[in-house]
Amino acid sequence: MKSFKILKIALQSILKNRMRSLLTSLGIIIGVCSVIVMVAIGEGSQANIEQNIASMGTNLIMVRRPSSRDKNVNMGAASRNTLTTDDIEYLKENASDNIIGVSGQLRVGNAQIIYGTNNWRTTVEGVGEDYPIIKSWKVENGNIFTQKENKLNKKVAVIGSTIAEELFDSEDPVGKSIRINKLPFKIVGVLESKGQNSRGDDQDDVVLIPTNTALKKMSGSQYIGMIYISAKSLDVIDQTQEEVTELLRASHKLKYDEDDDFSIFNQSEITEMASSTSQTLTLLLGAIAGVSLIVGGIGIMNIMLVSVTERTREIGIRLSIGARSRDVLTQFLTEALVLSLSGGIIGIVFALAICLALSNFTSLTTVINTTIILIAFSFSGLVGIFFGYYPAKKAARMNPIDALRYE
């Protein structure tokens with residue numbers, strides 16, 4: 001009953017000066033809101049990164065060309081040509097059961113695609129027949145080209161759903177012929193729609209042709225840009241990466257004391273690196289936003305000191321009629337706590353509204369973390385107690401006679 005009375009008196013005191021109480025809580029409101037929103041954006045960003053990495057393929061291992069040097073000048077990553085279709089064949093012939101798919105990739109570049117009177121400019125990539133398996137990308141209509149078609153340099157293509165819509169409208173593309181930079185290609189399949197990635201790029205705006213066809217008919221080169229390998233499971237991905245490294249060294253006839261002439265990394269490494277960076281960013285954003293809570297606490301302390309000064313005679317009367325110093329301390333601490341927790345609740349409501357708006361009306365993804373909400377709310381209460389203690393202690397230590405004489 002006593003606790004209820006203390007809370008009731010605290011609420012009455014706060015409501016007497018509604019505007020001042022609201023402004024006092026504003027720092028806490030902004031602090032709690034900022035912490036929740038910043039962490040939600042950070043975790044949403046991390047979720048996007050993980051989703052994009054997962055969309056790259058299943059248990060993916062990537063091999064790319066190494067860097068090169070010209071007169072002691074580093075020419076950058078993937079500037080040295082070392083990977084060929086022979087490496088792909090060698091991997092397929094000598095791979096263990098841990099490897100379920102191998103595909104080369106050669107980015108031919110942008111090309112004009114023509115069907116009848118319709119045309120569309122898009123990206124053309126040379127890939128192997130295992131590419132859909134590795135990338136977890138289903139062929140919705142028709143089929144992927146075969147290993148035989150790849151070896152024979154057949155001019156066949158699998159198109160993305162965007163190409164199908166732009167060139168064929170409601171017509172079935174499978175079996176139709178298109179021209180890619182004036183070369184005729186027969187469409188054998190249409191890929192399932194993947195939509196946009198986190199950068200806003202349309203993943204369905206692509207044409208896939210066999211690697212050998214891309215090399216012989218379009219690029220005029222014997223080298224490919226990347227080799228994708230899919231491991232049987234995430235548990236064996238490191239073991240599979242070591243196996244691929246040994247096989248490629250054997251394919252390139254490298255001696256034991258020679259460095260690898262290729263770069264190799266796997267999906268787990270990318271995920272760990274991206275997650276670590278994103279988590280660091282999230283913590284940094286949360287810490288910066290947390291400063292607002294400290295500032296809000298200082299605001300509460302200042303206003304509570306003003307309140308103690310204004311209510312000096314009231315404090316003197318209470319102490320003179322039998323109230324203990326502990327009762328006065330509890331009263332003012334309760335007021336500070338109510339102010340900060342009220343600010344915390346309002347801040348949570350605003351944060352949820354902002355996160356909802358960001359997710360629905362912008363390209364940002366937010367992930368609401370219930371634990372962070374509880375931590376922010378609890379911290380707002382601790383801030384109220386910590387910064388409210390000094391004013392409350394000052395009120396409790398007042399001499400009743402001096403307080404009654406105060407004008």
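The values are calculated or read from the model by the stated rules, or taken from the named source; none is laboratory data. Everything quoted here is computed from the prediction, not taken from an experiment. Note: ideal-geometry Cβ built from the backbone for every residue, glycine included; neighbour counts use all protein chains shown. The accessibility values were calculated without ligands, DNA or RNA, using every heavy atom of the protein model including side chains. Shrake-Rupley method; radii C 1.70, N 1.55, O 1.52, S 1.80 Å.
If you take the residues in region 103-129 that are at pLDDT below 90 and in a loop (DSSP other than H, G, I, E, B), which one is most open to solvent (accessible area, probe 1.4 Å)?
Step by step, filter region 103-129, then rank; the result is Thr117.
Being crowded, with 21+ Cβ neighbours inside 10 Å and among the aliphatic types (A, V, I, L, M) is the filter; apply it to region 130-155 and report the residue that is nearest to Gln267 (Cα to Cα).
Ile134
Report, by residue number, each residue of region 369-393 that is of a type outside the set (Gly, Ala, Ser) and closer than 24 Å to Gln46 by Cα.
Once the filter is applied, which keeps residues that are of a type outside the set (Gly, Ala, Ser) and closer than 24 Å to Gln46 by Cα, region 369-393 yields Asn369, Thr370, Thr371, Ile372, Ile373, Leu374, Ile375, Phe377.
Here's the yes/no breakdown for (1) in contact with a Leu (Cβ under 7 Å, 6 or more places away or on another chain); (2) under 20 Å from Trp137 (Cα atoms):
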site	(1), (2)
Pro210	no, yes
Lys217	yes, no
Ile227	yes, yes
Ala250	no, no
Leu254	no, no
Asp257	no, no
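Filter region 340-368 down to the residues that are in contact with a helix residue (DSSP H, G or I) (Cβ under 6 Å, 6 or more places away or on another chain) and not in a helix (DSSP H, G or I) and list them by number.
Within region 340-368, Leu364, Thr365, Thr366, Val367, Ile368 meet the criteria.
For region 229-244, which positions are outside any helix (DSSP H, G or I) and open to solvent by 20 Å² or more (accessible area, probe 1.4 Å)?
The initial filter retains those residues of region 229-244 that are outside any helix (DSSP H, G or I), namely 229-233.
Once the filter is applied, which keeps residues that are outside any helix (DSSP H, G or I) and open to solvent by 20 Å² or more (accessible area, probe 1.4 Å), region 229-244 yields Lys232, Ser233.
Would you mind telling me which numbered condition in (1) over 34 Å from the mean Cα position of the chain (by Cα); (2) among the hydrophobic types (A, V, I, L, M, F, W, C); (3) open to solvent by 50 Å² or more (accessible area, probe 1.4 Å) Ile180 fails?
Unmet condition: (3).
Condition check ((1) out of contact with any Gly (no Cβ under 6 Å at 6 or more places or on another chain); (2) more than 18 Å from Ser103 (Cα to Cα); (3) part of a loop (DSSP other than H, G, I, E, B)) across all residues:
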residue	(1), (2), (3)
Phe145	yes, no, yes
Glu149	yes, no, no
Lys154	yes, no, yes
Val158	no, no, no
Glu165	yes, yes, no
Ile178	yes, yes, no
Ile187	yes, yes, no
Ser193	yes, yes, yes
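Among the numbered criteria (1) open to solvent by 20 Å² or more (accessible area, probe 1.4 Å); (2) at pLDDT 75 or above; (3) among the hydrophobic types (A, V, I, L, M, F, W, C), which single criterion is violated by Ile36?
Every listed condition holds for Ile36 apart from (1).
Of all residues in region 288-298 being surrounded by fewer than 20 Cβ atoms within 10 Å (Cβ to Cβ) and modelled with pLDDT of 75 or more, which is farthest from the chain's Cα centre (by Cα)?
It comes out as Ile298.
Does region 381-404 contain any residue that is of a type in the set (S, T, N, Q) and surrounded by 17 or more Cβ atoms within 10 Å (Cβ to Cβ)?
Within region 381-404, not a single residue is of a type in the set (S, T, N, Q) and surrounded by 17 or more Cβ atoms within 10 Å (Cβ to Cβ).
Filter region 204-228 down to the residues that are charged (D, E, K, R), touching a residue at least 60 places away in the same chain (Cβ under 8 Å) and open to solvent by less than 70 Å² (accessible area, probe 1.4 Å) and list them by number. Steps first, please.
Start the filter on region 204-228 by keeping residues that are charged (D, E, K, R), which leaves 204-205, 216-217.
Within this subset, residues satisfying the condition of being touching a residue at least 60 places away in the same chain (Cβ under 8 Å) are 205, 216-217.
If the condition is that a residue be charged (D, E, K, R), touching a residue at least 60 places away in the same chain (Cβ under 8 Å) and open to solvent by less than 70 Å² (accessible area, probe 1.4 Å), then Asp205 is the only one that fits.
Residues of region 312-347 being more than 30 Å from Asn399 (Cβ to Cβ) and open to solvent by less than 30 Å² (accessible area, probe 1.4 Å), which ones?
The answer is Gly343, Gly344, Gly347.
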